[in-house]
Amino acid sequence: MGDYGNPIDWHYNPKKNVSWPKDIHWSKVMKFEKVCGDIKLTWEVNRFPHLYYLVRAYIITKNSKYVKAFLEQLKHWETSNLYDYGVNWFSGQELAIRVLSWIYALYMMGDDNNFKEDDFQRLLKLIYLHALHIEKNISYAYYAVYNNHLIGEALALYIVGTLFPYFSESIRWKKRGKAILESEKCLGQFYKDGGYCQLSFNYQRLALHYYLWALRIAELNGDSFNEEIFDIMDRSAKFLYSFVNLEDGRLPNWGSNDGALLNPWTSCDYSDYRPLINSLSYITRKKRAFQEGPWDEELFWFFGKDSLNSDFEPYELKSRSFQITGLHVLRANEGTFATLRCGDIFDRFGQADELHTDVWWKGLNIAIDGGSYLYNDELQYHKYFMGTSSHNTVVVNGEDQMLLFRRFKWLYLTKAKLLNFSEKYVIGEHYGYKRLNEGIIHRREVQIINSEEFLILDQLTQKKNVFVNYDLHWLLNDFEFRIEQIDRNISKVTLFTPKGKYYIFLSSDIGCKLVINRAVEDNKNPDGWQSRYYGEKIPALSLHFICSSKKGVKFFTFFTAKEKNYFHLKEVIGGENAFALDP
C-alpha cells in the first residue's frame, strides 16, 4: 500500500508524495487530480484494511493496544475528514467499504474496557453520516454506474439499517438497501453462466463478498434474501473454480484489477481466490471446496467454527466453455491449462483483449495477462494495460480492437464468435478490426496436446490488397530466456523457469521478425510490463512476431516442455493442414 505516515495522513498519495486538499467539497475535489494523482492510492488506507489484522491480533492476544490503535485512528480520521469535505466523501462505495470495516471492529472490540462511551458515540456518528451520505447520492450508482459500486452502497444501507435500528432512518435504509440488492440492477450484473458484467475476476470477487455479507447479516438477524442470490453464488463458485491454479489459488489476471479485497481475513496472498470460493461453497452447499488450509479462516469469520468441520467436496475441474461471459478453459490437470477470451462484449467494462490466451504449466503462469497498474495517473500505462498491446493476441496496425474514447469508455464494442469447443481445443474469431478499412477478421484455435504442450494457430484475413502490419504478441512472465533461429520461418524461445526449461516455437506462412522487449519505459508506447497488484508494475517479457502482408497471415505458436528437433517440429506444425482452422 505504501507509507502513509504516523499518524496517518488520510489524504496522502504515497506514489506522488502529495496530499489532496481536505477543505474542498467532495463534489469539486477531483479537479486536483492532475496534481494529486491516482485517487485510489489515497482511498486504500481509508478503507481501513489494516483493521482486519488489528482485530485478528486482538482476538488472539486480547491485548488492548490493538483497540487503542483503532480508536486513535478513528478519532484522527474524524478530525481530518469533516463531513462532505475532501476525497474520502467522494465515492459511495468507499464509504461502504469503510463502514463495514468499522462495524466489524465494533462487534469484535466493543466490549474491551478501553472502548469508552465517547468512542462508541464517535463511531455511531460516523456510521450514521456515512449511511446518510450514501443514501443522498446512491442515485448516481443506480442510474449511471450499476456495477459493484451499486451493490456495495446498497449493502451499507441494508447493514446499517439492520444493525443500528435506533437511527430514525434505519427502517428506510434497510428496506431500500435490500430492495436494490434484490433488484435486476444488481442481480442482472451476474451472467447466467457464472460470469460477471465487469469482465474481471477481481471485481467479481468484490461483488460476491458484498453478497456474502448481506446473506450472513440477514441470516443472523432473522431476515432472508431471494433464493436467486444463492443460485448466483453457486454458479459463481463453479465459474471461478474452473480457472483456479490449485497450487496457489491464483486465477488468470483477467480484466480490470484495482486491488480490492473487501475482507482480508486470512494469511493468503491477495491473489488467492480459495478463501472466496470456499465461502461460496459453504453458503450454498455447506461443504468446503478445498482441503484444510489458511484459506479456511474466512469460513471461520463468516460462519463460525462449526464450518471448519464441514465435509470437503471439490468442484469438478475440467475443460469448460462459458459462452455468455466469453471465457473458455482447456484443462490438462490442476496446474496446467490454457484460457481463451472469445465472446461479444455486452457491457462497457473490460479490456480490449479478444482472443487473449493465458498459458499455465505446472502451476506457473507462462503466458500472462498484464493487469491494470493505475487508473488515474501515468495514463500511458492505463492505455497500455487496458489496450490490446498488453494482451496475448494479434495487434493490427498498432491499433486497439476497440476505440478508447474516455478513460473507462470503449466505443465500437467488439463482436466475437465461438466456432467450436471440446475438451481438447477451442476455436473462435473476433471482428474488432473490421472497423478498419481493410475489413480484417482474426480467427484463433487453441489446442491442448498433453500435460506439457499447447498449440495455438492464428489466421488473419483481409478484404483489401493493401499492406497491413500484423504483430503476434505474447506477454510472458519475467524468466531468463534465450532466442534461437531454427530456420528462416521458425523461431525458438527458451524460458528458464523454476520448474525447468520451457520452450516456445513460432512460425508463420510468411517471413516474420522476432523482437523481445522487457520493461520499456515510454511516454507513448510502454512495453514489457505486468501488474498483479494495483499501483505496482514489474518487468515482463513482451514477445513480438511481426510481419507485413497484403493477403493476411497465418501464425503458429507451440508451447512445450520438450525440446523438439527440426523434423519433429515440422510434424507438429502439420504441413498443409496446419492452418485449416475449420470450425
When the Karplus curve 6.51 cos²θ - 1.76 cosθ + 1.60 is applied with θ = phi - 60°, which whole-Hz ³J(HN,Hα) does each residue of the stretch 476-487 get, with x for Gly and Pro? 10, 4, 7, 8, 4, 8, 9, 10, 9, 9, 7, 8
If a paramagnetic tag sat 7 Å from the Cα of D223 along the Cα-Cβ line, which residues of the stretch 164-180 would have the backbone N under 12 Å from that point? 164-165, 170-180
Can you find, among V55, Y107, L276, the residue farthest towards the positive end of the dipole of the chain? Put +1 on the C-beta of Lys and Arg, -1 on that of Asp and Glu. L276
Would you give the gap between the C-alpha center of the stretch 518-566 and the C-alpha center of the stretch 306-329, rounded to a whole Å? 30
So, in Å, what gap is there between the alpha-carbon centers of the stretch 330-347 and the stretch 76-93? 41
Which peptide among 265-273, 510-518, 152-160 comes first, and what is the full order, when sorted by highest mean count of other Cβ atoms within 10 Å? 152-160, 265-273, 510-518
From the mean inverse distance of alpha carbon pairs (Kirkwood) and the Cα radius of gyration, derive Rg over Rh for the stretch 1-137. 0.97
How are the C-alpha pair distances of the stretch 1-75 spread across 10 Å bins, as whole percents from the shortest bin up? 18, 42, 26, 12, 2
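Using only alpha carbon positions, build the gyration tensor of the chain, then give the equivalent ellipsoid semi-axes as the square roots of 5 times its eigenvalues, largest first, whole angstrom. It would help to have the intermediate numbers written out before the result.
Working: eigenvalues 403, 129, 97 Å².
Here the semi-axes work out to 45, 25, 22 Å.
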Sequence ranges 370-383, 98-111, 171-184, ranked by mean other-Cβ count within 10 angstrom, highest first: 370-383, 98-111, 171-184
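How much length would be gained if the chain were fully extended between L379 and F312, taking 0.36 nm per residue of separation minus their Cα-Cα distance, in nm to one decimal? Write out the running numbers ahead of the final one.
Working: separation 67, 0.36 × 67 = 24.12 nm, distance 4.55 nm.
So the chain would gain 19.6 nm between L379 and F312.
Rolling a 1.4 Å sphere over the protein heavy atoms, what is the accessible area per residue of the stretch 175-229, to the nearest Å²? Don't jump to the answer; show the numbers that get you there.
On the way: 1830 Å² over 55 residues.
About 33 Å² of surface per residue is accessible.
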Taking the chain as a whole, which cysteines find no other cysteine Cβ under 4.7 angstrom from their Cβ? C36, C186, C197, C268, C342
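For the stretch 59-103, report the accessible area per residue in Å² (1.4 Å probe, heavy atoms, rounded to an integer).
Working: 1730 Å² over 45 residues.
Per residue, the stretch 59-103 has 38 Å² of solvent-accessible surface.
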Quick one: net charge of D296's neighbours, Cβ under 11 Å, K/R +1, D/E -1? 0
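Assuming a viscosity of 1.306 mPa s and a temperature of 10 °C, what translational diffusion coefficient in µm² per second does Stokes-Einstein assign to the stretch 522-572, Rh being the Kirkwood radius over Cα pairs?
Working: Rh = 15.1 Å.
After rounding, the answer is 105 µm²/s.
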Run the quick spin-label model on V520 and N63: label points 7 Å from Cα toward the beta carbon, then report their separation in nm to one decimal. 5.0
Karplus (6.51, -1.76, 1.60) ³J(HN,Hα), θ = phi - 60°, over the stretch 528-536, in Hz, Gly and Pro reported as x: x, 9, 9, 9, 8, 10, 4, x, 10
How large are Rg and Dmax for the stretch 168-233 when calculated on the C-alpha trace, in angstrom? 12.5, 41
Relative contact order %, the chain, counting alpha carbon pairs below 8 Å whose residues are six or more apart: 9
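Which pairs break 24 Å Cα to Cα here: K492/K537; K16/K68; K75/K116; K513/K570? Intermediate results must be reported in sequence, preceding the final value.
Values: K492/K537 27 Å; K16/K68 30 Å; K75/K116 12 Å; K513/K570 19 Å.
The answer is K492/K537; K16/K68.
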Take every Cα-Cα pair in the stretch 395-469 and report what % of them are more than 18 Å apart. 51
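In debye to the nearest 20, how big a dipole does the stretch 498-541 give about its Cα centre with +1 on each Lys and Arg Cβ and -1 on each Asp and Glu Cβ? Could you put the intermediate results ahead of the total?
Numbers: 7 positive and 5 negative charges, 45 e Å.
Using only the charged Cβ atoms, the result is roughly 220 debye.
Kindly give Rg over Rh for the stretch 438-572, based on alpha-carbon atoms, with the Kirkwood expression for the hydrodynamic radius. Before the final figure, lay out the partial values.
Numbers: Rg = 15.9 Å, Rh = 16.2 Å.
Using Cα coordinates only, the ratio equals 0.98.
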A540 long-range amide H proximity, modeled H, under 5 Å: A519, W529, Q530
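According to the Kirkwood expression over distinct Cα-Cα pairs, how big is the hydrodynamic radius of the stretch 217-330, in Å? Mind showing how you got there, number by number?
On the way: mean 1/r = 0.0664 Å⁻¹.
Kirkwood hydrodynamic radius for the stretch 217-330: 15.1 Å.
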How large is ³J(HN,Hα) for each residue in the stretch 189-198, as worked out from phi by the Karplus curve 6.51 cos²θ - 1.76 cosθ + 1.60 (θ = phi - 60°), to whole Hz, x for Gly and Pro? 6, 9, 6, 5, 8, x, x, 9, 5, 7
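Among 136-143, 557-564, 279-286, what's the highest-first ranking by average C-beta atoms within 10 angstrom per residue?
Values: 136-143: 15.4, 557-564: 18.9, 279-286: 22.0.
Highest-to-lowest ranking by the protection proxy: 279-286, 557-564, 136-143.
The values are calculated or read from the model by the stated rules, or taken from the named source; none is laboratory data. Treat the numbers as computed from the prediction; the structure is a model and nothing was measured. Here Cβ is always computed from backbone atoms with ideal geometry, including for glycine, and neighbour counts include all displayed protein chains. We work out accessible area using only protein heavy atoms, side chains counted, and drop any ligands, DNA or RNA first. Shrake-Rupley method; radii C 1.70, N 1.55, O 1.52, S 1.80 Å.
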